[in-house]
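The values are calculated or read from the model by the stated rules, or taken from the named source; none is laboratory data. Predicted model, so just to flag it, every value in this text is computed and none were measured. No Cβ is skipped: glycine too gets one built from the backbone with ideal geometry, and neighbour counts run over all protein chains shown.
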Ligand code: ADP
């Protein structure tokens, strides 16, 4: 702004100078130069100039503001416009490059077939989902899956990151979304992949809210504006599905959700195999997989790389297990919230989770699988829930703590999440549902319920110790136990 004003006043001074010089020259030429004439001529020039400036200012006020050249400068400086080119890539990755996660791949087979033969589906009037949401922590291979999907189907792949859409200037993001969809539609069948879709689905940091909303609205409009049969599949990736705007999750938009979790033991072995392909190695990859609980696929890829560099630096002809142990900590540094456990911690967690699995099985609290780090107890899809059912849930959440305390004669902090859930259910039971002795229960009654539940859990634990020990063996080996496993070992015992 300052520079612009300076430029204007410079032009005005030059014009004024030229006018005065012209008048002086004219006066000198006509020979009638005397001081009073000269003075009045200068005054006249100043008045004319005053009018001139007044007019310019008036015009500026009346006319709509022009884009500031300086703003354009800012955009160019940040490289936003320069870097933003919508261009698809062709992917030569296939599902062979994505190790493990067979369940995720199975879910995508139908979509690949659809992208390969859209006419087949169209002729039967079948509309496939337009939007698929891949949900999972960073580095578990969400981008890799989307690329492999494009490679398998042989269709163009449009990659965009959510944060790349939402910009400082309102309307820029919406325009980018529009351009992206129009290109993808023109090249259908095709895949649009939007990484970190929560950047659009949810406001972030100091970015302006109206820009995010404009971008989100445009995305919703685009998704509503084409038919599932047109052959464009939009894949969004996020690790925070709970933060996403409800509107994005409605039918016809991202209505299919696929969860991608941190790899379990077997998947880690497979991922290591993929990344160790074509590298000279002596040793057992299973041992490396065992010491990398909580590593994502990306962390494993970087572990392989670091171990290879380490071996090479020592002029070894091949990579060995010890090279992995040597660099493990280096890979861990900087990786956020990576759960790695010492053998003792793994024992505690395995026993804890096994007890939960067995007690849940007995009490009929439904689940499919319980892993070292996660359980998936099904939320009740019922209008009416009984006190017994809520009590069972509380007991399941207390089971790990009770079992671990009995086995290791110690209490551990990993129980805190489950204790919180148990308390929440107790509060619900007493305060909301009035299932205590009084209609409006108090803290004493809540504590009482938790005590009763704990005592019942202790009895359940004592009666099922053998089953829990057996489940523990499975858990420590596989880091996961399925409901069927428990059924099997129960039949062996009883
Ligand atoms: P996300 O998108 O979930 O953050 P990426 O797809 O970017 O994760 O994964 C980063 C890298 O990690 C991949 O390029 C690949 O090298 C490795 N990786 C992750 N998951 C797998 C997997 N299941 N199989 C093989 N490599 C994997």
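Summary table below
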{"read-out": "Unmet requirement for residue 288, which otherwise passes all of (1) in contact (Cβ under 8 Å) with a residue 40 or more places away in the chain; (2) in contact with a helix residue (DSSP H, G or I) (Cβ under 7 Å, 6 or more places away or on another chain); (3) more than 21 Å from residue 194 (Cβ to Cβ)", "value": "(1)"}
{"read-out": "The range 245-274 residues that are under 30 Å from residue 217 (Cβ atoms), paired with ones that are within 11 Å of the ligand (Cβ to nearest atom) and in a loop (DSSP other than H, G, I, E, B) (beta carbon under 9 Å, 6 or more apart)", "value": "258/136; 259/136; 260/101; 260/136; 260/137; 260/140; 260/141"}
{"read-out": "Pair list, Cβ < 9 Å and 6+ apart or interchain, from the range 373-393 residues that are not assigned by TED's automatic domain parsing to the domain that holds residue 436 to residues that are not in a helix (DSSP H, G or I)", "value": "none"}
{"read-out": "Single unsatisfied condition, residue 255 versus (1) more than 16 Å from the ligand (Cβ to nearest atom); (2) under 25 Å from the mean Cα position of the chain (by Cα); (3) not assigned by TED's automatic domain parsing to the domain that holds residue 197", "value": "(3)"}
{"read-out": "Conditions (1) away from the ligand (no atom under 15 Å from the Cβ); (2) surrounded by fewer than 17 Cβ atoms within 10 Å (Cβ to Cβ); (3) in a helix (DSSP H, G or I): number failed by residue 266", "value": "(1)"}
{"read-out": "Within the range 480-494, considering residues that are in contact with a helix residue (DSSP H, G or I) (Cβ under 7 Å, 6 or more places away or on another chain) and either assigned to a helix (DSSP H, G or I) or not assigned by TED's automatic domain parsing to the domain that holds residue 353 (or both), the one farthest from residue 349 (Cα to Cα)", "value": "493"}
{"read-out": "Listing of helices (runs of 4 or more DSSP H) fully contained in the range 84-201 that carry 1 or more residues being more than 20 Å from the chain's Cα centre (by Cα) and away from the ligand (no atom under 16 Å from the Cβ)", "value": "102-116, 118-123, 142-153, 172-186"}
{"read-out": "Index of the failed condition, residue 439 passing every other in (1) under 18 Å from residue 360 (Cα atoms); (2) modelled with pLDDT under 95; (3) out of contact with any strand residue (DSSP E or B) (no Cβ under 7 Å at 6 or more places or on another chain)", "value": "(1)"}
{"read-out": "Exclusive hit being without any contact (Cβ under 8 Å) to a residue 12 or more places away in the chain and within 30 Å of residue 269 (Cβ to Cβ), set 438, 451, 491, 478", "value": "491"}
{"read-out": "The one condition in (1) touching a strand residue (DSSP E or B) at 6+ places or on another chain (Cβ under 8 Å); (2) closer than 19 Å to residue 473 by Cα; (3) surrounded by fewer than 16 Cβ atoms within 10 Å (Cβ to Cβ) that residue 282 fails to fulfil", "value": "(2)"}
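Listed here are the residues, each with its yes/no results for (1) modelled with pLDDT of 90 or more; (2) surrounded by 13 or more Cβ atoms within 10 Å (Cβ to Cβ); (3) assigned to a helix (DSSP H, G or I).
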residue: 271; (1), (2), (3): yes, yes, yes
residue: 295; (1), (2), (3): no, yes, no
residue: 302; (1), (2), (3): yes, yes, yes
residue: 306; (1), (2), (3): yes, yes, yes
residue: 311; (1), (2), (3): yes, yes, yes
residue: 324; (1), (2), (3): yes, yes, yes
residue: 336; (1), (2), (3): no, no, no
